[in-house]
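Here is the structure we will look at, set down as structure tokens.
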Amino acid sequence: MPERLSAREALALVTDDFTRLPGPPAGESGPDGPLAWTGYDASRARATARTGEEESVVVGHGTVGSTPAVLIAFEFGFLGGSLGERTGDRLEAAHTYARTHRLPVLSLVATGGSRMQEGMLALTQLQRVARQSALTRAAGLAQLAVLRDPTTGGGWATLGAGADVVLALPGAQVGFAGSRVRPPDADPAAYTAEAQVAAGTVDAVVPPGELRAAVALWLGLLTAPSAEPAPVPRALGAADLPATGWDAVRRARDPERPRARAYLDAYFTRRAELGGDRGGGRDPGGMLCGFGSHDGRTIAYAVQTGTATRPAGYRSAARLIRLADALSVPVLTLVDTPGAANDAEAERQGVGAAIADLFTAVATARTPLTTLVIGEGGSGGALALAAPDNTWATPDSYFSVIAPELAAAILKRPADQVRATADQLRVRPQDLVALGVVRGIAGERTVSPPPHG
């Protein structure tokens, strides 16, 4: 069982600079709280004596790395870190301070959920917290959560899962159902931080000794808006253009061609990766999403890795684009896929709906998007990630309405007509420029697209 940290110990993991905000004035309430729950006042008094805290959350501001932030730390020793009316008062005050001072919010969560002794008045604090989070997001301010042991109930379903980026300490109990309210035959392994990473709801598990650096990296990247489009990466592979359509296809499929990670390594000096689609899935082999630093600017990225992209990959990309849009961070996408996954499981996971959602995210984004086709551009599964009017291509790439082999099959042509079909489809980079599908061909030097606006 992981160590359960106090609020002060949790704060010490991420900052040496913390100033408490004054607690809001307590509202009027009779003895033993709003429900006159016998013994409630005594329970609170014992919790204060034991923890040194007057409520289940500590709120304030400080600096993490070089980024000022509002910090919220739950004290699990105070009635199980439960949420009551006074908790809601403090959380609202923290978010109000963040919006007033234009600061991101970092929540160090450890809670068992809503406070029984306050009944429905405690439960409605979840609506209050959700509203404050929504107002902070609408203000263009980032929210980061670190899940400690345990994070369950409404605290997980609001401050935890509702954050823009979610990290967790190893082995932390994480789940909507706490240990005392689960079915007796429930698998405890499903209620862990590691299981939530596999389900795409937590982005990463971070050991305590690495937490400060990880949080500082994320806060630094998420608090650097920019109005300028991401520069087009330089091409890392072949410099000469393909002679035929089939030559373009063959080169794009070459296993030695530079892939997405090579481009990310060359483009960014540092980066942090998002871990899932927030809908129950991950596609680490097909889509990589995150934020990175390029020439001192933060740029978000969603990149395909050369394999068939699964539904979770498209949903992860849509999540990335919407988050970047909310934070006014430009987006770079790299297209490289033979197409969307077309197996039965992909259909059961809603591949069509996932692609549709990504098309919508791209079409409605206000932040500038830049796309580079670095390999295969296979049909709608590739086009969904492409920026309208700002897509570029490398010399060793192609883009096609469908793979030449499949096009030939649809047209009922024999196998020996596949190469001729590739020529007819005009899939070469230079063909795409002539057709107006891409803006240009990336060379050895980085190309800067025109200003966004």
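Every read-out reported here was derived from the displayed coordinates using simple, explicitly stated rules and does not represent laboratory data. Just so you know, these numbers come straight off a predicted model, no measurement behind them. Every residue, glycine among them, receives a Cβ derived from its backbone with ideal geometry; neighbour counts consider all protein chains shown.
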| field | Electrostatic dipole magnitude of the chain [Cβ: Lys, Arg +1; Asp, Glu -1; Cα centre; debye, to 20] | value | 460 debye
| About its Cα centre, how strong a charge dipole does segment 245-435 have in debye, to the nearest 20, once Lys and Arg get +1 and Asp and Glu get -1 at the Cβ? | 260 debye
| said: What does the C-alpha gyration tensor say about the overall shape of segment 245-435? Classify as rounded when a/c is under 1.5, otherwise prolate if a/b is larger than b/c, or oblate. | reply: prolate
| task | State the extension gain, in nm to one decimal, for the chain segment bounded by Ala12 and Arg234, taking 0.36 nm per residue of separation less the distance between their alpha-carbons. | result | 75.7 nm
| said: Tell me the mean residue ellipticity at 222 nm calculated for the chain from its helices only (DSSP H runs of n ≥ 4, each -39500 (n - 2.57), averaged over every residue, nearest 500). | reply: -10000 deg cm²/dmol
| remark: If amide H atoms are modeled at 1.01 Å from N in the peptide plane, then the residues at a separation of 5 or more from Ser107, or on another chain, having amide H under 5 Å from its own are Ile72, Leu144, Ala145, Val146
| What's the extension gain from Thr124 to Leu435 if we count 0.36 nm per residue and subtract their Cα-Cα distance? | 106.3 nm
| message | Can you compute the label reach from Thr38? Point 7 Å from Cα along the Cβ direction, backbone N cut-off under 16 Å, restricted to segment 112-144. | response | 117
| remark: Counting only DSSP beta bridges with both partners in the chain, the antiparallel fraction in percent, to the nearest 5, comes to 40 percent
| remark: So for R0 = 25 Å, FRET eff. of Asp265-Ser66 from the Cβ-Cβ r, to 0.05, ends up at 0.55
| task | Kindly state, to the nearest 0.05, the FRET efficiency for Arg348 paired with Ala45, given R0 = 56 Å and r defined as their beta-carbon distance. | result | 0.55
| Segment Arg297-Thr364, length gained on full extension (0.36 nm per residue, minus Cα span) | 21.8 nm
| note | Classified through the alpha carbon gyration tensor (a ≥ b ≥ c as square roots of its eigenvalues; rounded if a/c is under 1.5, else prolate when a/b is larger than b/c, else oblate), the chain comes out prolate
| field | Principal-axis tilt of helix 85-101 within the chain, Cα atoms, nearest 10 degrees | value | 50 degrees
| Lys/Arg Cβ at +1, Asp/Glu Cβ at -1, dipole of the chain taken about the Cα centre: which of Thr360, Pro208, Gln117 is farthest positive-ward? | Thr360
